[in-house]
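The structure appears right after this line, and notes come after that.
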Amino acid sequence: LKTSIAGIALDCCVYNASGPRTGTAAALCKIANSASGGVLAKSATCLEQRGNPLPRTWVSPEASLNSEGLPNSGIDYYISSENIMNAMMMNTTSSDTKKQQIAKPYMISISGKTLEDNVEMIKKVLNSTSSLSQIACLELNLACPNVIGKPIIAYDFDQMETVLKTVANIPNIQKLKLGVKLPPYFDD
């Protein structure tokens, strides 16, 4: 089922969520070589971080839960042209040294610890002309509930409005397609 989101063509309407298995170029390459419509990288912070203490996952035959705490390699890793190229490399069994790039959208996700962190990362993407041409869009993660001591921004509508207005006023933001990751909203 082909579709498009914000003018980004997807050969399949399903693609991965940013999560535990999206943190490395090798993991993203597996997604790129799947039937996924696009490739969404791990939510990045300004700097590399380890995440919550172990154990942070629970698995049973029926379900799994995680509270990873955003372990990631930092924004520079996910916008590096070399890492994007490695993530989007076609797996082949031949000895051909000229590997082909997969023509799927590569998307990044950010989840700064502060509004200033998010603005800094967005500006970094906008100022990185080589990676900007390789990045189809940016997901602003306002939903991450898995960081100890960090409230979910999207549950505070006043704070979310401030974030969105600030991001909308970043110079040249229109050069970047932007999506917002929201949490589920449950009625009491």
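Using a simple spin-label model with points 7 Å from Cα along the Cα→Cβ vector, what separation in nm is obtained for D11 and D76?
Distance between label points: 3.4 nm.
As I understand it, the dipole of the chain uses +1 on the Cβ of Lys and Arg and -1 on the Cβ of Asp and Glu, about the Cα centre. Which of T45, V163, L182 lies farthest toward its positive end?
Of T45, V163, L182, it is T45.
On the protein heavy atoms, probe 1.4 angstrom, tell me the percent of accessible surface of the chain carried by carbon and sulfur.
56 percent
Shape verdict for segment 104-146, please, from the Cα gyration tensor: rounded (a/c under 1.5), prolate (a/b greater than b/c) or oblate.
Verdict is oblate for segment 104-146.
Averaging over every viewing direction, what projected area does the convex hull of the Cα atoms of segment 1-139 cover, in nm²?
10.2 nm²
Work out which GluC sites (Glu not before Pro) in the chain are exposed loop sites (DSSP not H, G, I, E or B, at most 13 other Cβ within 10 Å) and give the longest gap free of them.
63-188
What residue among N83, S131, N72 has its Cα farthest toward the positive end of the dipole of segment 4-136, where the charges are +1 on Lys, Arg and -1 on Asp, Glu, each on the Cβ?
Comparing the listed Cα positions along the dipole, N83 ranks first.
Step through the table entries K30/K177; K104/K150; K2/K113; K30/K175; K2/K181; K99/K181, compare each Cα-Cα distance with 31 Å, and write down the pairs that go over it.
Distance filter (> 31 Å) returns K104/K150; K2/K113; K99/K181.
How many nm separate the modelled label positions at F157 and A26, each set 7 Å beyond the Cα in the direction of the Cβ?
The two pseudo-label positions are separated by 4.6 nm.
Considering only protein heavy atoms, with the full assembly of protein chains and a 1.4 angstrom probe, order R50, R56 by accessible area, largest first.
Largest accessible area first, the list is R50, R56.
Quote the relative contact order of the chain in percent (integer), defining contacts as alpha-carbon pairs under 8 Å separated by 6+ residues.
Contact order relative to length: 20 percent.
For the chain, what is the mean residue ellipticity at 222 nm derived from helices alone (per DSSP H run of n ≥ 4: -39500 (n - 2.57); sum divided by total residues; nearest 500 deg cm²/dmol)?
-7000 deg cm²/dmol
The values are calculated or read from the model by the stated rules, or taken from the named source; none is laboratory data. Since the structure is predicted, the reported quantities are computational estimates derived from the model, not experimental observations. Quick reminder, even Gly has a Cβ in these numbers, built from the backbone with ideal geometry, and neighbours come from all protein chains shown. Surface areas here come from the heavy atoms of the whole protein model, side chains and all, with no ligands, DNA or RNA. Shrake-Rupley method; radii C 1.70, N 1.55, O 1.52, S 1.80 Å.
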